[in-house]
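First up is the structure itself, then whatever we jot down about it.
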Ligand code: C5P
């Protein structure tokens, strides 16, 4: 069973994806980490983030060792990730890795922006996770502070708005719910309640 989970930054999709992976015993891929790894490698190499060819080359030789690096979680790398993610050639270069991951037996959970629409359009289950931008900014601000980053809430909120807009309006793989996605708004839900809602939906789909 392939579970495809999409949604904007800090909607809770990663956390839900991890828990569903644990519940079903499936591996989980945070596809945002792929774009973040490309963004970080571009920054480390002092490349122009808007250079589509350079970013595509990095994506073709995906720096797998960066996927677990703490540095990919900074606000700066999040911004760089969303900029490299605009390039069609980057998205194409990262596609095979995601499709192979999704093809594992007996199943896999992937979260991102275009999983239900582009990477796994035939996924058995599609979820789209949302929350108000203010609540997402509060969550992301807490996370960044906990990681030792010095950043104010207003800046996180402004950055998320810019990132949402860029992710939703790009030509290739824009952030949008698949027509058959089940939407969960986590604004007023804690993680347990959000996972319970997802499991109720998955169970109803399979019976
Ligand atoms: O999910 P996360 O915030 O870590 O993703 C960082 C950026 O990577 C997003 O803002 C988005 O632009 C890009 N991304 C994407 N497609 C995905 C996953 C992430 O374009 N499937």
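Laboratory data are not the source of any read-out in this text; all were calculated from the coordinates shown. Nothing here was measured: the structure is a model prediction, and the numbers come from that model. Glycine gets a Cβ as well: all are built from the backbone with ideal geometry, and neighbour counts include every protein chain shown.
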Once normalised by the length of the chain, the mean sequence separation of its alpha carbon contacts under 8 Å that are 6 or more apart gives a contact order in percent of 33
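Counting each DSSP H run of 4 or more residues in the chain as -39500 (n - 2.57), what helix-only mean residue ellipticity at 222 nm follows after dividing by all residues, to the nearest 500 deg cm²/dmol? Mind dumping the intermediate values first?
Values: 8 runs with 106 residues, N = 207.
The helix contribution divided over the chain gives -16500 deg cm²/dmol.
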Label-point separation (nm) for residue 51 and residue 1, each offset 7 Å from Cα along Cα-to-Cβ?
4.6
Could you pull out which residues in region 167-188 have an amide N less than 19 Å from a spot 7 Å beyond the Cα of residue 132, following the Cα-Cβ vector?
184-188
Suppose the chain between residue 99 and residue 68 were pulled fully straight at 0.36 nm per residue; how much longer would it get relative to their current alpha carbon spacing?
9.2 nm
Between the modelled labels at residue 201 and residue 89 (7 Å from Cα along Cα→Cβ) the distance in nm is 3.6
Cα gyration tensor category, rounded, prolate or oblate, for region 75-201 with a/c compared to 1.5
oblate
Length-normalised contact order of region 19-81, Cα under 8 Å, at least 6 apart, in percent, tallies to 42
